[in-house]
1. Looking only at the range A:120-140, decide whether some residue is within 30 Å of B:LEU55 (Cβ to Cβ) and open to solvent by 60 Å² or more (accessible area, probe 1.4 Å).
2. Within the range B:58-69, which residues are touching a helix residue (DSSP H, G or I) at 6+ places or on another chain (Cβ under 6 Å) and either away from chain A (no Cβ under 14 Å) or open to solvent by less than 20 Å² (accessible area, probe 1.4 Å) (or both)?
3. Given the residues A:ILE203, A:ILE259, A:ILE238, which is the only one that is open to solvent by 30 Å² or more (accessible area, probe 1.4 Å) and closer than 28 Å to A:SER133 by Cα?
4. Look through the range B:144-156, keep the residues that are surrounded by fewer than 20 Cβ atoms within 10 Å (Cβ to Cβ) and within 13 Å of chain A (Cβ to nearest Cβ), and return whichever of them is nearest to B:MET100 (Cα to Cα).
5. Within the range B:229-254, work out how many residues are β-branched (Val, Ile, Thr) and on the phi > 0 side of the Ramachandran plot.
6. Go through (1) modelled with pLDDT of 80 or more; (2) open to solvent by less than 70 Å² (accessible area, probe 1.4 Å) and name the single condition A:GLY57 misses.
7. What are the residues in the range A:1-48 that are out of contact with any helix residue (DSSP H, G or I) (no Cβ under 9 Å at 6 or more places or on another chain), among the acidic types (Asp, Glu) and either within 14 Å of chain B (Cβ to nearest Cβ) or open to solvent by 60 Å² or more (accessible area, probe 1.4 Å) (or both), if any?
8. What number of residues within the range B:31-51 are surrounded by fewer than 20 Cβ atoms within 10 Å (Cβ to Cβ) and within 14 Å of chain A (Cβ to nearest Cβ)?
Amino acid sequence: MDETAWRRSLGNPRVLFGLAVLALLALAALGAPLIAPQNPLHQDLLASFAPPFWHAGVVPGHLLGTDDLGRDTLSRLIYGARIALTVAVISATAAGLIGTLLGLAAGYAGGLPDAIVSRLVDVWMAFPPVLLSIVLVAVIGAGLEAVILAIVIVDWTRFCRIVRAEVLVQREQDYVAAAVAIGLGPWRVALQEILRNLLPTLIVLFTLEMGIAITVEAILSFVGLSIASGAPSWGGMIAEGRLYIHQAWWLMTLPVGCIIVSVLGLNALGDGLRQTLDPLVRR
Amino acid sequence: MSALLEIRDLHLEIGTGRAALPVLRGIDLVLEAGEVLGLVGESGAGKTMVGKALLGILPPAARITQGQILYQGRDIAAMPAKPRLALLGRDLAMIPQDPMSSLNPVIRIAGQITDVLRRHLGLSRRAAYERARALLESVHIREPERVLRQYPHELSGGMRQRVLIAIAFACRPKLIVADEPTTALDVTVQRQILRLIRDLQANSATALLFVTHDLGLVAKICTKVSVMHAGRILEAAPVAQVFTRPQHPYTSALFAATPRYDRPAEALTPVPEALTARLWAEAAAYDAARAAAGVAVGGRAADA
């Protein structure tokens, strides 16, 4: 991947939109203590159910209103980005590493290793993924680490399947034969020659996986299996807000909007990068 | 003293079981140091497979079922991976057929040349880079510094083939397999590349296995010729003898089918179908005789 590929990517509207969303998420996550107007855990029962700024009866200092315990919604949303992004980055990285290595080994070695990995992936993908992560977290125990672990255990197959298929294509290329003919061993050929050619695919998969991870984390928070309740996660906010949907509709709608925009942005980024980096789609 | 390369009775099949297709039917070749052997034949004769078997880059479905490939008296085909890989690139090298696809598209030229130097000569990064620059000069690339920084897609076909030739000669190998090294290039570039290969070969006294379908090229570069058809060698002799007194009717037919500047195109006669049909029938009879003799076909004894 060279300079022109990057320049082409930055001219793609989907990539730009995705990068903007990602930058916003990163800003909120990293700068939460500086940006958030209030402590997200601070309760103020006298100011509970304050409406957002476009409604009558807004309480000063609570731009997006407050929840049933008087906690500031905007601050909770900003801190929620922190949890969402942490889960997204760590689980996408780990799932990517595991899936890529197994896919690379299976695709390049062929034979028995390929048979084992491929069957494993088949079995894995026979489970409904969300159900599998719920069961896993139920077994491992709730908490952020458990959520990340569950996502990795479920989603490495996404990387594995696609990397394996791609390696099968690359393996037949003349440059691989040329690399073997200068005496490079199988691991050097796989990790140095082939893996570099998979980089565009991996970037796209990583981006899409971040979006998936955010959704799964929200689902697990919603069913109360993620971080301790009270801590500001988007899924948790949805679960709590659901109870007051008739009195204060924004409590549930705002975090839903955050999730939609984040996932939309990450998917757009993945799609855009696929258009600009993947030679098959580009043609 | 054994020959540099001696291929003995090499049999190769593609596929297994009943679907096994014989590709090489007992190839014999001898190549001494510094010699240039032309391996000639039409498409499907199996000439490329000989080169690939020698370098251990056969497609996954292909298997050597019988015979030996002796390099300096050692059978490469039966050698474990580690010592074999140590020979590849250092003693044995390849100039591939298609320069457009034989360089890794995402690695700069510098990386691709220094890889082989660092692998086999144990050079430091800097020393390898200097050697790579000198190698590019030796294949007559102007501005080697700029080319080293470029990616393959930024180079023309002729330039890429020069880079691949530089890689092939990088460690001063004793034997190079050149598989139709000029086929994918423009006619004008073909001549330059051919002269370059011939000059480098002559200067380094490297032996060359030159795989081609073009008898014109054989006349220009080779000292010996082996004519192949249907996985068999029909005739093997010094170039002068093959060109003046071809022994096998198929060789004569190939000459008649080769375009020449001093003959009108109408004078070309394709290889007679009766002749190729006879040769294929001979090959089939050979397979049948082997099967009848109970030689393992497709890795199992043939059904009686």
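The values are calculated or read from the model by the stated rules, or taken from the named source; none is laboratory data. A quick note: this is a predicted structure, and the numbers were derived from the prediction, not measured. Heads up, the Cβs are rebuilt from the backbone with ideal geometry, glycines too, and the neighbour counts pull from every protein chain shown. Just the protein is used for accessible areas: all its heavy atoms, side chains included, with ligands, DNA and RNA removed. Shrake-Rupley method; radii C 1.70, N 1.55, O 1.52, S 1.80 Å.
1. No, the range A:120-140 contains no residue that is within 30 Å of B:LEU55 (Cβ to Cβ) and open to solvent by 60 Å² or more (accessible area, probe 1.4 Å).
2. B:ILE64, B:ILE69
3. A:ILE203 is the lone residue from the list that is open to solvent by 30 Å² or more (accessible area, probe 1.4 Å) and closer than 28 Å to A:SER133 by Cα.
4. For the range B:144-156, the residue satisfying everything is B:HIS153.
5. Residues in the range B:229-254 being β-branched (Val, Ile, Thr) and on the phi > 0 side of the Ramachandran plot: 0 in total.
6. (1)
7. A:GLU3
8. 1
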